[in-house]
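To start, the structure under review is shown below, and the notes come after it.
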Amino acid sequence: MFKYMLAPLENFSGPAFRSLCHKYGADVTFTEMVRVEGIIRNNKATLSKLVFPDSTPVEIQLLPGNETQLDSYLGSFKIFEGFTGFNLNMGCPSSEIIKAGRGAGMVKRLSKADRLAKIVRTHNFPFSIKLRLGGTEFEKSHKVYLRILQNVDTDYFILNPKHGLQDSDESEDNSVYPECVDICRSRGIPLIANGGINSIKKVEELKKIGVSGVMIGRSAIANPAIFDLLKGKKVPNKLELTSEYKSLSEKFKENEKYFENYLDWKK
């Protein structure tokens, strides 16, 4: 079954927004990126991202780095209603994170990535890996990302076809998808496309290439019902969606920043 997913969005992917997007067609949603060390240290800001007031299907996106910390967190983790798995972030383009060898900087670190994935598998949790084409243009040109697709075990991959030094306004390189799909298909692992997906035409083009789903981020902020829209369904207008979002936000008593950021999006 072809899946439509809401991307992990820093300062946007709160519980009300996830719930709203799920109601309007997102099969799976993701939390904001959370640092494993922050969870271990009971950091208040980190833990505030891990609030699950309803049964909306959600994956927790982790920024892992230290194997011992990841193992410790997973060893004490309790499954909740709506939990569908974990996502390992190997795609964050933050220069600070890349310099630390994390996020998109993890793509070239095959052994490290493999060890982290095996820890999650050892704990028997479903999980996915979200990655870019490497941390730099050089890494992209040398196709370091293919080593992850060829060797690391996961339930599915999510690929954003940019490298870490590209900003959000630069175009994705969708020409990499056919080779990536072939590799994943040979291993029996689905590949989800992410980045710049905002029309039925783009979804159909990606379906023809053979991806198993699409993950949508910025276009969902502009229209939380885009998932149903891309499925060919009738959707509410922006005013109605905003009113519904506000009601959910109040019901969940969530941090007001999420709704405020939504209102301020590209004003």
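The values are calculated or read from the model by the stated rules, or taken from the named source; none is laboratory data. These numbers come from a predicted model, not from an experiment. Here Cβ is always computed from backbone atoms with ideal geometry, including for glycine, and neighbour counts include all displayed protein chains. We work out accessible area using only protein heavy atoms, side chains counted, and drop any ligands, DNA or RNA first. Shrake-Rupley method; radii C 1.70, N 1.55, O 1.52, S 1.80 Å.
For the reader, a short list of remarks on this structure follows.
- By accessible area with a 1.4 Å probe, ligands and nucleic acids excluded, highest first: order of 165, 241: 165, 241
- Considering only 68, 9, 151, and ranking their Cα positions along the charge dipole of the chain that arises from unit charges at the beta-carbon of Lys, Arg, Asp and Glu, the one farthest toward the positive end is 151.
- Highest-fluctuation residue, 232, 213, 14 considered, GNM on the chain with Cα pairs under 10 Å: 232
- Surface composition of the chain: carbon and sulfur make up 50 percent of the accessible area, probe 1.4 Å.
- Secondary-structure-derived ellipticity at 222 nm for the chain, considering helices only, amounts to -11500 deg cm²/dmol, per-run term -39500 (n - 2.57) for DSSP H runs with n ≥ 4.
- Its relative contact order, with pairs defined as Cα atoms under 8 Å and 6+ residues apart, puts the chain at 20 percent.
- Heavy-atom accessible area ranking, 1.4 Å probe, most first, across 249, 171, 94: 171, 94, 249
- Using the Cβ-Cβ distance between residue 77 and residue 201 with R0 = 51 Å, the FRET efficiency computed as 1/(1 + (r/R0)^6) comes to roughly 0.80.
- Net charge dipole size for the chain [Lys, Arg +1 and Asp, Glu -1 on Cβ; Debye, nearest 20]: 240 debye
- With the whole protein complex present, residue 158 retains an accessible surface near 0 Å², based on a 1.4 Å probe.
- Listed by chain and number, the lysines whose C-alpha is less than 25 Å from the C-alpha of residue 202, apart from same-chain residues fewer than 8 away, are 3, 23, 130, 140, 143, 162, 231, 233, 234, 238, 266.
- Mean separation of Cα contacts under 8 Å (6+ apart) over length of the range 79-119, as relative contact order %: 27 percent
- Annotation: per residue accessible area for the range 199-267 equals 58 Å², rounded to a whole number [probe 1.4 Å, protein chains only].
- Accessible surface, per residue, of the range 7-50 when the full set of protein chains is kept, probe 1.4 Å, Å²: 37 Å²
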